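Colleague: Can you keep this structure in mind? I'll have questions shortly.
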Amino acid sequence: AEKRLIGPFSFWTGRIGPHNVAVSLTGQGLLNCTVATVLGIEEYAPKLIVNQGTSGAQVPYLGLHDIIVGRRALDYGNFVAPARPAGAGSAPLTWTPVPQKLRNAAGELVAFPQGFAGDEAAVAVALRTRNPMARVFPGVIGSAHEVNLELDRVQWTHRNFGMDVEEMESGHVAAIAYAYGIRCVAFRVVSDAPYEGVPFFAEAARATALFTVNFLHNLP
């Protein structure tokens, strides 16, 4: 692999299986992943974007090292809170979600309440790909600058958004890919499972790395 720095963002170019790839270390969160994705698109003109990393389970059937293949990815971090007087406290479960909006070619902001669908062909290949450390499921990935470990909140996000896992990047990367007309798919390994009381386990990221390599070998 050859490493290249674009500003503070790192890219490695080479081959995985039959494919030429540019691997980006995006870093955590909306700011880092969106900048890295735009830079990668402008510099390398990819045919497919694969966003992969760790996540928190939002449903009880998921355990450590399980992988969700994103049938869709969305931003769930935008809300309007009802008016409350001083001393009345805060009640996040009563907040109204506001869907992600993306500018179109006419300069209009278009709402995407369901987020952005993963590329069907890539999802199909991923669901036939082996996770060497646990199981693979199709599902919905939610992205926001939040880490939710309160079970009432976790159940609320699943109920309102259909989310299977939460993290901080896929919904934003998927929006950029949609804006550029580029195929995109996201993989997220469960690195913390609040239903099971499993705290964040960073080494779970190895599962999605190995899974992504297997996926690229399987991808036509």
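Colleague: May I ask for the Rg/Rh ratio of the range 140-201, computed from Cα atoms with Rh as the Kirkwood radius, given to two decimals?
Modeller: 1.02
Colleague: Then there's this: Can you give the percent of C-alpha pairs in the range 108-220 whose distance is more than 21 Å?
Modeller: Counting pairs separated by more than 21 Å, the tail of P(r) holds 42 percent.
Colleague: Another question about this same structure. Taking 7 Å along the Cα-to-C-beta vector as the label spot, tell me the L109-N160 distance in nanometres, rounded to one decimal.
Modeller: Each label point is offset 7 Å from its Cα along the Cβ direction, giving 1.8 nm.
Colleague: On average, how much accessible surface per residue is there in the range 103-220, in Å², for a 1.4 Å probe, leaving out ligands, DNA and RNA?
Modeller: 48 Å²
Colleague: Another one. Going by alpha carbons, how many degrees (0 to 90, nearest 10) lie between the helix axis of 170-180 and the longest principal axis of the chain?
Modeller: For 170-180 against the chain, the angle is about 60 degrees.
Colleague: Using Cα pairs closer than 8 Å and at least 6 residues apart in sequence, work out the relative contact order for the chain, in percent.
Modeller: RCO, the chain: 32 percent.
Colleague: Would you mind finding the longest exposed-site-free stretch of the chain, with exposed chymotrypsin sites (Phe, Trp or Tyr not before Pro) meaning DSSP loop and at most 16 other Cβ atoms within 10 Å?
Modeller: 96-199
Colleague: Can you tell me the orientation of helix 30-44 relative to the chain, as the angle in degrees between its alpha-carbon axis and the longest Cα principal axis, to the nearest 10?
Modeller: The angle comes out near 30 degrees.
Colleague: Quick check: the angle from helix 151-161's long axis to the longest principal axis of the chain, C-alpha only, nearest 10 degrees?
Modeller: 70 degrees
Colleague: Collect residues whose amide H, placed 1.01 Å from N in the peptide plane, falls under 5 Å from the amide H of V136; neighbours closer than 5 in sequence don't count.
Modeller: I67
Colleague: Once you have the Cα-Cα distance between Y195 and E120, take 0.36 nm times their residue separation minus that, and quote the gain in nm to one decimal.
Modeller: Gain in length upon complete extension: 24.0 nm.
Colleague: Just add up the charged neighbours of D119: K/R +1, D/E -1, any other residue whose Cβ is under 15 Å from the Cβ of D119.
Modeller: In short, +4.
Colleague: Let me ask you something else. Bin width 5 Å, alpha-carbon pairs only: give the P(r) of the range 169-215 as whole percents, running from 0 to the bin holding the largest distance.
Modeller: Cα pair-distance distribution for the range 169-215, in percent: 5, 18, 19, 19, 19, 13, 6, 2.
Colleague: Sort K47, K3 from largest to smallest accessible area, using a 1.4 Å probe on the heavy atoms of the protein chains.
Modeller: Correct descending sequence by accessible area is K47, K3.
Colleague: Out of these labelled values of Kirkwood radius over Cα pairs in Å, (i) 18.0; (ii) 19.6; (iii) 19.0, which was calculated from the coordinates shown here?
Modeller: (i)
Colleague: Something else: At a 1.4 Å probe, what is the % contribution of carbon and sulfur to the accessible area of the range 147-213?
Modeller: So the carbon and sulfur contribution to the accessible surface is 57 percent.
Colleague: I want the antiparallel fraction of DSSP beta bridges within the chain, as a percent rounded to 5.
Modeller: 55 percent
The values are calculated or read from the model by the stated rules, or taken from the named source; none is laboratory data. In this text the structure is predicted, and so the values were computed from the model without any measurement. Every residue, glycine as well, gets a Cβ built from its backbone with ideal geometry; the counts of neighbours run over all protein chains shown. All accessible areas refer to the heavy atoms of the entire protein, side chains included, with ligands and DNA or RNA removed. Shrake-Rupley method; radii C 1.70, N 1.55, O 1.52, S 1.80 Å.
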